[in-house]
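The values are calculated or read from the model by the stated rules, or taken from the named source; none is laboratory data. Bear in mind that the values here come from a model prediction, so they are computed numbers and not experimental data. Reconstructed Cβ throughout: ideal geometry from the backbone, glycine too, with neighbour counts over all protein chains shown.
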Amino acid sequence: MKVAFVLFATFVAALQYTQAEPVGTCPSDMNPEKVDFLVDDGDCTVFYKCDWGKAVKFDCPSGLHFNKDLEVCDWPDRAGCGGNSEEGNSNSDSSSSSESDEDEEEVVTETQTEAEPEPEPEEEESDSSSSSSSSESNETGSNEGNSGKCPNDKCPAVNNEYPVYFAHPETCGRFCQCDWGVAYDMPCPDGLHFNTELNVCDWPADAGCDI
């Protein structure tokens, strides 16, 4: 019984080998810099590697076809093989279908995310509050800038090439800046005094202000 089974398996293997034939012939010699490959005439999952004039049969991994242009086992949709391989084609179709479904889901998700409207009432309230705050700050700045503590009589009627500055009459931490005949009260950064010689806010030790 065992002998019969072995004979049957040998017959099936021989039948499969006779059905699979390489396309082309192998060169008689071996090129150490290039390996010659041959495709199968009826099975995309099979390829042949030439070895001193003989075609040695190899099988691609499951689900792959031999790409004769790249001479590698590749995905069926890239290999471009038209032979018989239902298993490879079914795997390719299922994988392509799943990849297509995933791409469609990603597109739908991105479209839904982009289509979400932003709350307009909050933006309007923010804009109105910011504009009101800006107008209030401008009014406050204009009132404080020209508080009357900086005398206008020290300012020229028109602006020259360089602005005119002078010391504040009451504090070292502020100074007066002229603009078209009007003296504006300007603050120095915290901890600095106005230096009348350099016309800059400077360290107190260097500013020389003694008010």
Exercise for the section: Give the residue that is nearest to the chain's Cα centre (by Cα), with candidates limited to residues of segment 177-211 that are in a loop (DSSP other than H, G, I, E, B) and touching a residue at least 40 places away in the same chain (Cβ under 8 Å). Expected result: 209
Exercise for the section: Determine if segment 82-100 includes at least one residue that is at pLDDT 50 or above and touching a Phe, Trp or Tyr at 6+ places or on another chain (Cβ under 8 Å). Expected result: no
Handout entry: Which listed residue is modelled with pLDDT of 90 or more and either more than 49 Å from the chain's Cα centre (by Cα) or not in a helix (DSSP H, G or I) (or both), from 34, 57
Key = 57
